[in-house]
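The values are calculated or read from the model by the stated rules, or taken from the named source; none is laboratory data. Predicted model only: the values in this text are computed from it and were never measured. Glycine gets a Cβ as well: all are built from the backbone with ideal geometry, and neighbour counts include every protein chain shown.
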Amino acid sequence: MKLIAEFEGRQIDVTIKREESRVLAEIEGRIYQLEATKPEPDVYLLKNDNKVFETYVSGGPASPMALNVRVGTDEFEFSLQDPKRLRGSGGEADKSDGAAEITTAMPGKVVKVILNKGDVVAKGEGVIVVEAMKMQNELKSPKDGVVQEIRFAEGDTVNAGDVLSVIE
């Protein structure tokens, strides 16, 4: 998954890949191999070269996602953007008459279908929940409309980039 991190006024390209129990992160050309676990909400343990870093993350699921991260006594503020979600979505995206697709950025499993075909949905309302990397992500409608399609059922496995739902 490719992301853009905005940190201290700079934009930094970040690529994250999951390989079995490891997470590979490439940041500004440097590759980090980590084992990541989430022992409780907003707390992550990152293991790298026999060192364990306890990390606290707070922020909301909005995109771009503003995050506050604390590692030890160091605190960082930054935002993340998914360039795939930025493509074709100008400031008027929610007023568009066209269909909007809800896609998943990471492979995972559908754990809950919140809305069904034909349901009326408001912008920002949850449509489907996908579990990826042991975290549940509620995917929300980018616009007001009607659910035209739900392409996966609870328990289905999904791949990065799969269209899960279509809103018109």
- Considering every residue within region 153-163, establish whether at least one is more than 29 Å from Arg22 (Cα to Cα) and either basic (Lys, Arg) or modelled with pLDDT of 85 or more (or both). no
- Query: Which condition breaks for Leu45 when tested against (1) in contact (Cβ under 8 Å) with a residue 12 or more places away in the chain; (2) surrounded by 12 or more Cβ atoms within 10 Å (Cβ to Cβ); (3) more than 26 Å from Asp162 (Cβ to Cβ)?
  - Reply: (1)
- Message: If I filter region 113-129 for residues that are modelled with pLDDT under 90, in a strand (DSSP E or B) and exposed (fewer than 15 other Cβ atoms within 10 Å of the Cβ), do I get at least one hit?
- Response: no
